[in-house]
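Heads up: the structure comes next, in C-alpha cells.
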Amino acid sequence: SAVISQKPSRDICQRGTSLTIQCQVDSQVTMMFWYRQQPGQSLTLIATANQGSEATYESGFVIDKFPISRPNLTFSTLTVSNMSPEDSSIYLCSAYSTGDYGYTFGSGTRLTVV
Amino acid sequence: TQLLEQSPQFLSIQEGENLTVYCNSSSVFSSLQWYRQEPGEGPVLLVTVVTGGEVKKLKRLTFQFGDARKDSSLHITAAQPGDTGLYLCAGAATDSWGKLQFGAGTQVVVTP
C-alpha cells in the first residue's frame, strides 16, 4: 500500500489565521480524502480531493472554510481558514487506489487554536 | 448516509482475556475494514473483508463479515498490552467512490 507523509504533525495557531496541511503520497493513487478526528473519537470525512478539479465536500463542510487542492495524483493540501477554537482537532489525509481495498492514512496533524 | 454502530465504546480487560468488538449497520457495504489507531498516529489497516460470511485470521485476531454484509466483528484471543488502542470499523458503500463511513470506535485497554 501507499505511504503518506503528512505535515505539519502539530501546530498551535491564533484564532483568525489559516493553516495549510500537506499530504504527499509515495505513489500515484486514485483517490485522496481529508478527515477530521476529535481526540479519542472517530473520523468524519471532510471532503474528497479531486485531481485537477474542485473538491467534493460532505455535508457540514464548505470550500470557503476548508479549501482543498490536488494538483496531481500524489499530492494534496487542506487549508483550515479563519480558525476558531472549535477547529481544534486532528486532521488526517487518506489515499485509496483502485483494486486495493485497503486505504492508507497519514499520521495526522494535531491542530490547536488559541 | 449509512450509519455504522460500533460497540462497546470502551473495553478494559486483563492480559490473557478474550474480547469481541461489534460493528453493525442496517445497510449493505461492499467492503468493511478494521483499523487500530494509537495516540498521535493515523489509523493502521488491520484487515479488509469483502465477501459475506468471510472469516479472516491475523494471528490472535479473528475478523468476521456477516452473511448479509451489514455487520462485522473483531475477536481478540488472549489479549496482550500491545493490543491496547482505538479500534475502528469502516465500511465502503458500492457507490461511495472509495469514501469510508467510520464507526464511533472502541477504546481497548489491556492491563498486565
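Things to note:
- Sorting A:85-94, B:76-85 by average packing, meaning the other beta carbons within 10 Å per residue, from highest down gives A:85-94, B:76-85.
- Take each residue in B:85-93, count the other chain C-beta atoms within 10 Å of its C-beta, and the mean is 2.
- Within the shell of other residues whose beta carbon sits under 14 angstrom from the beta carbon of B:P81, the net charge comes to -2, with Lys and Arg scored +1 and Asp and Glu -1.
- Three semi-axes of the equivalent ellipsoid, the stretch B:67-112, Cα gyration tensor, whole Å, largest first: 27, 13, 7
- Shown in residue order for the stretch B:98-112 are the 3J(HN,Hα) couplings computed by the Karplus curve 6.51 cos²θ - 1.76 cosθ + 1.60 at θ = phi - 60°: x, 6, 10, 9, 9, x, 6, x, 10, 7, 10, 10, 10, 9, x Hz (x for Gly and Pro).
- Cα pair distances of chain B binned at 5 Å [whole percent]: 2, 13, 24, 25, 19, 10, 5, 1, 0
- Here the residues A:V113, A:V3, ranked from fewest to most Cβ neighbours within 10 Å of their Cβ, fall in the order A:V3, A:V113.
- For the peptide B:38-49, the mean number of other protein chain Cβ atoms found within 10 angstrom of a residue's Cβ is 5.
- In this structure, the pairs whose alpha-carbon distance is over 26 Å, taken from A:K65/B:K99; A:K7/B:K70; A:K7/A:K65; A:K7/B:K99; A:K65/B:K70, are A:K7/B:K70; A:K65/B:K70.
- Ranked packing of B:5-17, B:44-56, A:38-50, most packed first, by mean Cβ within 10 Å: A:38-50, B:44-56, B:5-17
- Computed across chain A, the Kirkwood hydrodynamic radius from all distinct Cα-Cα pairs reaches 14.0 Å.
- Shape summary: the stretch A:63-114 maps onto an equivalent ellipsoid whose semi-axes, from the alpha-carbon gyration tensor, are 25, 14, 8 Å in decreasing order.
- Evaluating 6.51 cos²θ - 1.76 cosθ + 1.60 at θ = phi - 60° for every residue in the stretch A:85-94, the Karplus couplings come out as x, 5, 7, 4, 5, 9, 10, 10, 9, 9 Hz, glycine and proline recorded as x.
- Cα-based Rg of the protein assembly as shown normalised by 2.2 N^0.38 Å, two decimals: 1.02
- Between the stretch B:3-82 and the stretch A:14-64, the alpha-carbon center distance in angstrom: 25
- Spin-label pair A:V62/A:S81, simplified geometry with 7 Å Cα→Cβ offset, distance in nm: 1.0
- FRET efficiency for B:E38 and A:D26, using Cβ-Cβ distance with R0 set to 22 Å, rounded to 0.05: 0.50
- Take each residue in A:41-49, count the other chain C-beta atoms within 10 Å of its C-beta, and the mean is 5.
- Rounded FRET efficiency, nearest 0.05, which uses the C-beta distance separating A:Q38 from B:Q14 and R0 of 35 Å: 0.75
- Phi angles across the stretch A:44-52 convert, under the Karplus curve 6.51 cos²θ - 1.76 cosθ + 1.60 with θ = phi - 60°, into 3J(HN,Hα) values of 10, 6, 8, 6, 9, 8, 9, 5, x Hz, Gly and Pro given as x.
- Relative contact order [Cα under 8 Å, 6+ residues apart], chain A, whole percent: 37
The numbers here are math on the coordinates, done by the rules we state, and not lab data. Since the model is a prediction, treat every value here as computed from it, not as a measurement. Every residue, glycine among them, receives a Cβ derived from its backbone with ideal geometry; neighbour counts consider all protein chains shown.
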